[in-house]
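The values are calculated or read from the model by the stated rules, or taken from the named source; none is laboratory data. Since this is a predicted model, take the numbers as computed values, not measurements. All Cβ positions, glycine included, derive from the backbone under ideal geometry; neighbour counts span all protein chains shown.
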Amino acid sequence: MKNYSIARSRRLRSTPYTSRIENQGVTAYTVYNHMLLPAAFGSLEESCDHLKKDVQVWDVAAERQVEIFGKDAAKLIQLMTCRDLSKSKVGRCYYCPIIDENGNLVNDPVILKLAEDRWWVSIADSDVIFFAKGLASGNKFDVKIYEPNVDIFAVQGPKSFDLMEKIFGKKIKDLKFFGFDYFEFNETKHLIARSGWSKQGGFEVYVENTKSGLELYDRLFELGKEFNIKPGCPNLIERIESGLLSYGNDFDNNDNPFECGFEKYVNLDANVNFLGKDKLIKIEKEGIKRKLMGVFIETNKINLTKSVNIKDDNNNFIGELRSACYSPHFKKVIGIAMINQPYCKASESGIIEIDGNSLSVKVCDLPFI
Ligand code: THG
């Protein structure tokens with residue numbers, strides 16, 4: 001297949017880190033929230049290995065913030081998510097499915113509670129800002145909604161803790177998973193959370209002061225030499241092995257949270273008021289007809305650019321393969337698929353056709369690791 005480039009323009013936004021990662025050897029981008037998101041620095045397999053051993057810095061500025069500020073901010077936030085936020089605390093992050101009037105998923109952001117009346121919705125790839133503005137205006141809520149100037153970079157991998165300690169001192173290691181606080185670097189305070197889109201541990205720096213953020217980025221690479229630091233990005237292999245789901249790839253606005261394994265983030269109690277709740281109550285009562293599952297595929301190479309149907313021996317539709325990669329850990333291709341009842345249980349098998357080849361598929365539980 002010929003390799004085309006995507007034309008750049010103002011509409012396809014770059015990030016404050018773009019010139020740096022281009023000097024550091026980025027080899028592929030994807031587009032996320034109308035912004036450049038690095039997708040590879042050379043081999044995905046080598047990057048995955050390195051991420052599991054050392055430390056990487058990622059330009060994830062494409063994880064945009066939707067700020068909701070004002071008297072009715074908490075009400076609007078709760079109206080958008082099926083996760084109960086009534087006991088949420090300032091200084092904590094919450095992984096929250098956003099639900100529409102049909103009970104389907106709109107996004108799966110991390111939500112940060114900055115203050116009772118000020119929240120950041122750190123979004124995956126869909127235009128949550130317009131959904132929020134529509135709800136706020138329809139309900140006459142007293143809130144301001146905008147995209148603040150925040151550009152996240154992540155520090156991920158087992159050595160991220162020792163590296164960050166060198167800059168911010170011991171107290172950065174006291175941050176609990178999904179907690180955040182403000183830490184000073186050269187007299188500028190930065191919001192840093194213990195989070196990130198890998199299961200290898202690490203931090204996300206929500207950079208508001210770009211000049212200081214770029215200095216911090218450069219300092220990490222200087223001090224990181226002893227930890228074998230490298231530039232990186234969300235890694236397809238690591239995230240599939242870890243079962244971190246991707247909006248637009250593994251699920252989208254045609255899927256509901258029960259089908260996607262988000263039931264632990266769904267609260268249907270009387271005190272929680274969110275859009276689509278009546279639909280979720282109905283779906284829970286009736287039960288789901290399909291579910292996101294893992295699959296093993298008997299091949300050692302794949303490059304999915306669209307979903308692929310999974311069939312049984314009699315050509316009946318079983319489900320839809322939505323993401324896949326070769327996993328060096330399992331020494332075969334692994335993937336995430338929406339599998340129909342009654343096939344959505346471990347060890348069911350099927351077939352996919354790719355490039356004229358029939359490959360056998362085995363269903364398994366998520367996460368793989
Ligand atoms: N960090 C920030 N913003 C983001 C992402 C991020 N926005 C887009 C995208 N990633 C949103 N999706 C996810 C998916 C999973 C997780 C975070 C964001 C995640 N999940 C943990 C898990 O599944 O183990 C913890 C969830 C929990 O609290 O139970 O970290 O990465 N800023």
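Points worth noting:
- Condition broken by residue 184, with the remaining ones in (1) assigned to a strand (DSSP E or B); (2) within 16 Å of the ligand (Cβ to nearest atom) satisfied: (2)
- Those strands (runs of 3 or more DSSP E) of segment 219-316 in which at least 1 residues are within 16 Å of the ligand (Cβ to nearest atom) and in contact with a strand residue (DSSP E or B) (Cβ under 6 Å, 6 or more places away or on another chain), considering only elements entirely within it, cover 230-232, 290-297.
- Filtered residues of segment 97-122 (kept if assigned to a loop (DSSP other than H, G, I, E, B) and within 16 Å of the ligand (Cβ to nearest atom)): 97, 108, 109
- Only one entry in 32, 17 is closer than 21 Å to residue 202 by Cα and surrounded by 20 or more Cβ atoms within 10 Å (Cβ to Cβ), namely 17.
- When we screen 152, 145, 192 for residues that are assigned to a strand (DSSP E or B), more than 16 Å from the ligand (Cβ to nearest atom) and within 30 Å of residue 130 (Cα to Cα), the only hit is 145.
- Among all residues of segment 195-207, there is none that is more than 30 Å from residue 246 (Cβ to Cβ) and either surrounded by fewer than 20 Cβ atoms within 10 Å (Cβ to Cβ) or within 21 Å of the chain's Cα centre (by Cα) (or both).
- Verdict on residue 346 being within 20 Å of residue 263 (Cα to Cα) and among the small types (Gly, Ala, Ser): yes
- Reported count of residues in segment 311-324, each being within 25 Å of the chain's Cα centre (by Cα) and over 13 Å from residue 249 (Cα atoms), is 1.
- Flag if residue 15 is within 16 Å of the ligand (Cβ to nearest atom), among the polar types (S, T, N, Q) and modelled with pLDDT of 95 or more: yes
- Restricting segment 349-369 to residues that are hydrophobic (A, V, I, L, M, F, W, C) and in a strand (DSSP E or B), the residue that is surrounded by the most Cβ atoms within 10 Å (Cβ to Cβ): 361
- Only residues that are among the small types (Gly, Ala, Ser) and either on the phi > 0 side of the Ramachandran plot or buried (at least 22 other Cβ atoms within 10 Å of the Cβ) (or both) were counted in segment 238-296, giving 5.
Residues checked against (1) at pLDDT 95 or above; (2) in contact with a Lys or Arg (Cβ under 8 Å, 6 or more places away or on another chain); (3) of a type in the set (D, E, K, R):
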{"position": "107", "(1), (2), (3)": "yes, no, no"}
{"position": "112", "(1), (2), (3)": "yes, yes, no"}
{"position": "122", "(1), (2), (3)": "yes, yes, no"}
{"position": "125", "(1), (2), (3)": "yes, no, yes"}
{"position": "128", "(1), (2), (3)": "yes, no, no"}
{"position": "132", "(1), (2), (3)": "yes, no, no"}
{"position": "137", "(1), (2), (3)": "yes, no, no"}
{"position": "145", "(1), (2), (3)": "yes, yes, no"}
{"position": "165", "(1), (2), (3)": "yes, yes, yes"}
